[in-house]
Structures are given as structure tokens and as C-alpha cells.
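The values are calculated or read from the model by the stated rules, or taken from the named source; none is laboratory data. What you see is a predicted model; the values in this text were computed from it and never measured. Every residue, glycine among them, receives a Cβ derived from its backbone with ideal geometry; neighbour counts consider all protein chains shown.
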Amino acid sequence: MGFFNFFCFFIIIFHVFVATPIFSDSNNNEHTSSSISTKFLDLAKSPEVFDWMVGIRRKIHEYPELSYEEFKTSEVIRAELDKLGISYKHPVAETGVIGYIGTGNAPFVALRADIDGLPIQEMVEWEHKSKVPGKMHACGHDAHTAMVLGAAKILKQHEDQIKGTVVLVFQPAEEGGAGAKRVLESGVLDKVSAIFGLHVAPVRELPVGHVASKAGPLLAGTAMFDATIHGRGGHAAMPHFAIDPVLAASSAVVNLQQLVSREADPLDPQVLTVANFHADGAYNVIPDSVTFGGTIRALLPESIARLKERIHQVVTGQAAVHRCTAEVNFHEPSYPATINDDKLHEHFLEVAKKVVGNNNVHGMEPVTVSEDFSFYQEALPGYFFMLGMQSLTGEPLQSLHSPHFTVNEDALPYGAALHASLATTYLLNHDGANKVGGKYHDEL
């Protein structure tokens, strides 16, 4: 994934981390949820929780693992859950972990953290730099994991007051491996009525303590494709004896650009990018074939479907014009768009304003990056939001997927408190009649 930037907020609030009641006996859920939000943020900022989250995040950062290879990361997560006395299922989707806090009965609400790293050599010189050559947590998944664990630590201390069950989803393979789809296929979320997720956002406009999101389409759906055009090789000095696939492929790439500029509704954001082009051979040899590939992105499913159809038509048509043949293959699975549930958006706004303050909750425009959280949203109501990290006093943070990417750890308490507050207030407000989205079954 890629998007945003961060803000340094140096304030430590000292609280004794004990299981003092935070759920009022009053029937006034609004008053209760407000006190929950304030208490959770205070707890998340306490040295006991904050320092613990930082330690976990740095431990995971030092040993990044790629999709479906997150064995050490999974061990760290399970060790912490064991210490907290939180039950879990493992393995799920090969390396995933699913934890449970609460009654074990309905309603069920899930919090998701992705746990995989990227094949990037870290260029940041610091004490906890990646110890694995060519691998790095350059998308903040180490922070995501630490924040869900932070929420779990807070919630476990108040488990007897949780009105249902919070499901912790430590998901593998977000980075191109469609790990969310595998988690869904395992059946562990079949009785969950809503799911929440976040992403750290290294953008200058979103400081620490600020969040951003919107109802409806938030992130684009995407599909990757490969195309091969076959001609007939020959000597570059005698092209009339060959059938040139380089010319055919070049024409196809140029004509593909018109699918967005000339055929797409300007108010329907779409992106088509051809990012690789391979024609083997010497400088004086026309090759037998050329391969190229790229991605398409759009916010609407029908736009993805149209682009797929037209890419096939353009590539095969341009190949035929140049006396060549062609095939086009789309990688599966394609990623759907990340579309936030309207009722969960209302729930998010209510909770987030109580956690971080009215002025620190922002709307945002859709972004054409993709997230496999979208697979959850195809199966059940889901909500995804951005968590600010930019320091107002420090240097601008580098973008996601950069070898120079860093996490502002002052954002961790806000993510943990938001996770815990979104889940507990959802359970408090959930009356079984889809009050804030979703249905539920009786038992885990």
C-alpha cells in the first residue's frame, strides 16, 4: 500500500494500569461510550502500555517476514497473547492468529492488523533496523500489530465488562497475497457482524492524534495483468522477413492509455499503468515475442470489469493489426475496492471525536491505492480509516514502501485506544437489529 505523513506528540500521562470499571451501570450508552473513550486513551498513553507496544513494534520490525512466511512474527504475537491470558486460534491462513476477548457469545466485532513485511532493503540507520537483508516493514504493519495488541491488553483488563466478544485478527499476506481472503475462507469470521481496521498515514496533513476517513469508496480495487504478443523473429536488417511483435506491443501499450483518457467518465477515477515491457534478444535481432504487464485501479466494480474487457480487446486487436497473435491473463484474485459501511462511518465519527477530539477527525478523498481489507467488506460490514503520524516539529516522514520509511511511535496510543473504543462501543450499542451494521449468531 501507499499514502500519507506524521506529528510528534510528547506527553505522558501516568496512570496505574488496573482493571477499574469503565462501563457505567447507567443506561445512557452515549455517556458510557464517552467515558470509555477517554479512559482507553489515558490507558494507552500510560508507560505500562505505551512502552510495551513500542517494544513489541521494534521486535517485529527487526525481523520482517514476507507473505505467508510470518512464522517468527506469529510466535511473537502468540507469546504476548499467552502472557495476557487471551485465547486464540492458530494457524489461520497458514501464519495468521485469531484471538478472542469477552464472553465468547454474540455480538462479535473484529479488529484487524496485517503482519507481513516487504522485500525492501531498509536504509534507515537506527538501533532496531531490520536484521533481515532485503526485507523491511516499510508499510507500518509492525505498528498495526502493536496497536491491536495494545487494544487487546486494555480490553483484557476489563473483559468481564465487555458486552459480547472482540475478535483479534492478526492477518498474514496483505502485500499482494490476499491474506484477508484466506482468513475469510477459513470460516473464523463467519459470526462476526462488523470489522474495523486502520493504516498509519505518513502525510503532512495528518498529524499524530488526527484521523481521516469517509463513507463509501475509500481505496481502489485493483487487478494485475500480463500480455504476450507473438510474432516471428528475424534479423533487424531485414524486418520484411519477420513479423515484429515489438511494434505490435508498443502500439498496444499506447492505445491502452486511451481507455481512461477517452472512454472513462472523468468523475469515475480510474488508473491503467503498464509497468513492465520485455523483449528478449540482441540489438540486431527482432524477437519472436514480447511480454508486458501492469495494473488497473478503479473505485467501482463495474469500472474494473470494463477495463478488463477492453484491455483484452485492445491487445488482441492491435496484435492482429500487426499480423501477430496475443493472449492476456489477469492475476487472481483481483482486489475489490475498499468501501466503508455507511452506518459504521457514523459509529466511527461518534467514537473518534470522543477519543481524539472533534477538530482532529477529518474527511478525505478516495485514494487509488488498494487494500485487501476490502475482502472483509465484501463479506460483512467493515470500516477502514487512516491514523496520523506526522510530527509538527520534526522532518516530514517518507512515504509508505520507501526504504527510508519510519513510524512515529507517538501514534501508537491513539490507534490502540481507537481500536478498543470502536469495538467496545459497537458491542454496547449493538441490539441485534443491525443498529450499526451487520448480523450476529449466538455463539462463537
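A count restricted to segment 62-100 and to residues that are surrounded by fewer than 23 Cβ atoms within 10 Å (Cβ to Cβ), in contact with a Lys or Arg (Cβ under 8 Å, 6 or more places away or on another chain), within 23 Å of P119 (Cβ to Cβ) and not aliphatic (A, V, I, L, M) stands at 4. Among the candidates D280, D265, the residue that is in the same structural domain as C324 (by TED's automatic domain parsing), over 21 Å from F225 (Cα atoms) and of a type outside the set (S, T, Y) is uniquely D265.
Could you look through segment 239-257, keep only residues that are in contact (Cβ under 8 Å) with a residue 12 or more places away in the chain and farther than 14 Å from R323 by Cα, and pick out the one that is surrounded by the most Cβ atoms within 10 Å (Cβ to Cβ)? Taking the candidates together, the pick is L256.
Report those strands (runs of 3 or more DSSP E) wholly inside segment 320-419 carrying at least 1 residues which are of a type in the set (S, T, Y), touching a His at 6+ places or on another chain (Cβ under 9 Å) and at pLDDT 95 or above. Quick ask: steps written out before the conclusion?
On the way: elements: 325-330, 338-340, 382-387.
Output list reads 325-330, 382-387.
Whether any residue in segment 285-299 is of a type in the set (S, T, Y), closer than 30 Å to E371 by Cα and touching a His at 6+ places or on another chain (Cβ under 9 Å) is what I want to check.
Scanning segment 285-299, I find at least one residue that is of a type in the set (S, T, Y), closer than 30 Å to E371 by Cα and touching a His at 6+ places or on another chain (Cβ under 9 Å), so the answer is yes.
Of the residues E125, E159, the single one that is of a type in the set (D, E, K, R), in the same structural domain as L412 (by TED's automatic domain parsing), on the phi < 0 side of the Ramachandran plot and in contact (Cβ under 8 Å) with a residue 40 or more places away in the chain is E159.
Name the residues in segment 186-238 that are crowded, with 24+ Cβ neighbours inside 10 Å, among the hydrophobic types (A, V, I, L, M, F, W, C) and in a strand (DSSP E or B), would you? Hits for segment 186-238 are A194, I195, F196, L198, V200, V211, L218, L219, A227, I229.
Scanning segment 37-83 for residues that are more than 21 Å from I101 (Cβ to Cβ), of a type in the set (D, E, K, R) and within 22 Å of the chain's Cα centre (by Cα) yields R58, K59, E62, E65, E69, E70, K72. Tell me, yes or no, whether segment 374-382 has at least one residue that is hydroxyl-bearing (S, T, Y), in the same structural domain as H141 (by TED's automatic domain parsing) and more than 11 Å from G221 (Cα to Cα). Yes, the conditions are met somewhere in segment 374-382.
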